1. Among the residues of the stretch B:459-480, are any more than 22 Å from residue A:134 (Cα to Cα), surrounded by fewer than 17 Cβ atoms within 10 Å (Cβ to Cβ) and either within 11 Å of chain A (Cβ to nearest Cβ) or of a type outside the set (Phe, Trp, Tyr) (or both)?
2. Spot the failing condition for residue B:511; the list is (1) assigned to a strand (DSSP E or B); (2) outside the structural domain of residue B:639 (by TED's automatic domain parsing); (3) of a type outside the set (D, E, K, R), and only one is missed.
3. Select from the stretch B:491-516 the residues that are of a type in the set (A, V, I, L, M), within 12 Å of chain A (Cβ to nearest Cβ) and farther than 18 Å from residue A:133 by Cα and list them in ascending order.
4. Would you point out the residue of the stretch B:534-562, among those that are without any contact (Cβ under 8 Å) to a residue 40 or more places away in the chain and among the aliphatic types (A, V, I, L, M), that is farthest from residue B:587 (Cα to Cα)?
5. Name the one entry in A:64, A:108 that is surrounded by fewer than 23 Cβ atoms within 10 Å (Cβ to Cβ) and in contact with a strand residue (DSSP E or B) (Cβ under 7 Å, 6 or more places away or on another chain).
6. Look at the stretch A:42-95 and say how many of its residues are touching a residue at least 60 places away in the same chain (Cβ under 8 Å), closer than 17 Å to residue A:15 by Cβ and charged (D, E, K, R).
7. Which members of the stretch B:535-577 meet the condition of being under 23 Å from residue B:606 (Cβ atoms), touching a helix residue (DSSP H, G or I) at 6+ places or on another chain (Cβ under 7 Å) and among the small types (Gly, Ala, Ser)?
8. Please go through the stretch B:307-319 and give me each residue that is more than 14 Å from residue B:394 (Cβ to Cβ) and of a type outside the set (Val, Ile, Thr), ordered by number.
Amino acid sequence: MTDSSSIAPAEPVEILLAEDEPSDADLCMRALKRKKVANHVVWVKDGAEALDFLFARGPYAHRSGVGPPRLLLLDIKMPKVNGFEVLRQIRADARLAALPVVIMTSSSEERDIAEGYHLGANSYVTKPVDFATFQQAVEDVGLYWMVLNKVPGPNHAS
Amino acid sequence: MPGEMTGPETHVNGRRSGPPGSRAAGDPRFRVALETMLDSVVMTTAVRDDDGRIVDFVVDYVNPVAEIGQRRAEQIVGRRFLDVWPSTAEGPLWGMLLHLMETGEPIALDNYVYSEVIGGRAVTAAFDIRATRLGDGFLQNFRDVTDRHRVQRDLATSEKRFRSALDAIMDPFFIFAPVRDDQGKIVELEYRYVNRAAERLHQMPWQDIVGHGLLELFPSCRELGIWDTFVKSVETGTQARVDLPYFEEHGVKGLFEVSVTPGEEGFIVTARDVSETRRAEGALRASEERFRTSVEALKDGFAVFSAIRDSAGAVTDFRYEYINEAGCRMDQRSREDTVGHTLAELFPSTVTSGLLASYARVAETGEPLARDDIDYEDTYGGRRVARAFDIQVVKLGDGIVLTWRDVAERRQAEETMASQAAELARDAAELEDRIRQRTADLLRSNQELEGFSYSVAHDLRAPLRAIHGYCQILLDDHAGQLDEDGQVLLGNVGRYAVRMGELIEGLLALAGVGRKDRGHVRIDMTALAESAVTDLRRGHAGVWPAITVGQLADAAGDPELIRQVWENLIGNAVKFSAGRPDARVSVESETSAGEVIYHVHDNGVGFDMAYAGKLFGTFQRLHPADFPGTGIGLAIVARIVERHGGRVWAEGRAGDGACFSFALPAAPTEKGETP
């Protein structure tokens, strides 16, 4: 649990992880670092904090002008503001419209999956209990969206 | 006629002088006697011809009584007898007079009828005549007996008529006279007269009856009670009447009404055959009784009216001739106070309401009238009451028959029924509400339960993932710090965490059965089962058995859920026959009454039927050591099938294969498809 969001400096962030479960967040970040997919991962514990971070307000006001992360790993079941609401607000804002969002959740409910894609999620990953599978999934997502996927640059969005 | 034949009494004294020149009247005493006699006296002297034969008589004297008709003595005396009474020559008297003159034998002739035209009128009179020879003439003394003669003659005529009348009447008629013994006791009743009908009844001529006794001819009269009735009637002098069953020897059977009328010289008995009358009366009485009983038993009012008409013949009112008990009760007026009175009198509102006029039309046209729910207000039992009736009116003779029914009771019954129905509907609605409420409650609690198990299962996964994850990281990154046993133990922790994750997945799937409901559609079961086989094969490692899917009957259901049934059952069959080199799985269906049954056979390890009941329970496993699995697959199958209104069961033998079956309600025929 290194890169706690509360101490995130005003520098570019590769991955923002919105996850209320500390163990999941920890395992996820370990998996991402293990294969050197991303060095700079910021973890926020709920949807409200995720929005503050993304819109550079409240505790994250100092990040104004820094630009959005390259990838958002978003849990659905979170306190305060859930993942769907976070996704809705991201897609409603022109500056964040192109932000790749991967939903990572324990839910394999089709209804949730459908809702996620409907709101503009780029991918939907179910977190398995088996760590090897979980690690593989996280690595695949990171690799794809951080390395292979090309998105419009920050200057593109204004 | 006597007044004409005999002179008035007043003339007697005026003619005291007597006939002049009369020989016999010469003696004044004799003369006075003759003049005061009530009988007529005529004295004559014979007139003879040359041969001495009497040709006539000269009237020498008549007393005043004999001054017959308008003729005075002066007009008679000195004249010839046949001149004065010419008709005498034609009757028997003339011969008798001649005989008297010849023999001196006196004449006594009663009821001598003499007719003569006097003063232009035919006059008939009757006389008792006595004549004696007196000198060469006769003294005739005659009395006018016209009145007596008439009475006698009338009597005879009357008796003759009476007899023929008695003979003519059809009823037997008898006259009896009692015969008494020394003590005055009646010992016999003697027939004095019988008419022809009586002869017929007795089947004897009157000669064999009259003069004989009743006991003599009909000894059975004592047994029949006739004797006593007759005797009692005679003794008491009272009329009696008795019904007499009459059994004739020749089989005639009947009932006579016998009446006895005591008379002066005996008593008259008439017998009348009343069999037919009584029968008819009986039938009439019975029919009337039946009618009356049925009418009285009616709950409806029933009254018979005669029409009252004005001089022009129009019906103006109706008079009660009969009313039944129910009618009296409804009218609140006794029968005595009703019958004989008129409708307008007792119920004035029939006039004002026009009801009476409509009844009159029925009486005049014969067209029946039936009306329901007539509101009617009138005085009942002294109070003004508004009521409602159903009425029916039909014409009967010159009048009508009215039946009416108070609809208040019916209305009340209808209202009661309506209120009961409303109450029932309210109850039903309430019940339905309660059921709906209960169902909603159940659904909600079911959903809550499912939601709860889903979220529990979901929340359990994160710590499990953490346990497994950290175990794995330890093993991956820190294996050097643990000995071999420690690494094995850590590996076990991770494995059990994974296992628990599988169980939770199963629970989630089971909970999901209840959460998923996409509605039922027609399912091509052959295609679905084959598709399930394909999917199973794709994820399968190891020996794949020979699987045959037959032509399966269609089903109706949620295709996704039914697919899961196929996957679980075929997956089990594959799993439990995996050890055999000749593993075979076959899928078939059969259609029976109202349902389709699907079977999945395998020739795998089978199971002991003793545990068949446990197969479909949650987390029940018969082969935990030898086969992977969570023990939740068949529970899911059972739950899905039951949700579709079907049933599941299994048959098998340990080491000798198994057959899992499920039945679903037969799919309805598709619309537009010809059966």
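1. Start the filter on the stretch B:459-480 by keeping residues that are more than 22 Å from residue A:134 (Cα to Cα), which leaves B:480.
Narrowing further to those that are surrounded by fewer than 17 Cβ atoms within 10 Å (Cβ to Cβ): B:480.
Next cut, either within 11 Å of chain A (Cβ to nearest Cβ) or of a type outside the set (Phe, Trp, Tyr) (or both) only: B:480.
Checked against the condition, which is being more than 22 Å from residue A:134 (Cα to Cα), surrounded by fewer than 17 Cβ atoms within 10 Å (Cβ to Cβ) and either within 11 Å of chain A (Cβ to nearest Cβ) or of a type outside the set (Phe, Trp, Tyr) (or both), the stretch B:459-480 yields at least one hit.
2. (1)
3. Applying the first criterion (of a type in the set (A, V, I, L, M)) to the stretch B:491-516 yields B:493, B:497-498, B:500, B:503-504, B:507-511, B:513.
Okay, now just the ones that are also within 12 Å of chain A (Cβ to nearest Cβ), so B:493, B:497-498, B:500, B:503-504, B:508-509, B:511.
B:508, B:509, B:511 - these are the residues of the stretch B:491-516 that are of a type in the set (A, V, I, L, M), within 12 Å of chain A (Cβ to nearest Cβ) and farther than 18 Å from residue A:133 by Cα.
4. Going through the qualifying residues, I end up with B:541.
5. Numbers: A:64 fails: in contact with a strand residue (DSSP E or B) (Cβ under 7 Å, 6 or more places away or on another chain).
On inspection, the qualifying residue turns out to be A:108.
6. Counting residues in the stretch A:42-95 that are touching a residue at least 60 places away in the same chain (Cβ under 8 Å), closer than 17 Å to residue A:15 by Cβ and charged (D, E, K, R) gives 1.
7. B:571
8. In the first step, residues of the stretch B:307-319 are kept if they are more than 14 Å from residue B:394 (Cβ to Cβ); the result is B:308-317, B:319.
Those that are more than 14 Å from residue B:394 (Cβ to Cβ) and of a type outside the set (Val, Ile, Thr): B:309, B:310, B:311, B:312, B:313, B:314, B:317, B:319.
The values are calculated or read from the model by the stated rules, or taken from the named source; none is laboratory data. All values derive from a computational prediction rather than experimental measurement. Cβ atoms come from the backbone with ideal geometry, glycine included; neighbour counts cover every protein chain shown.
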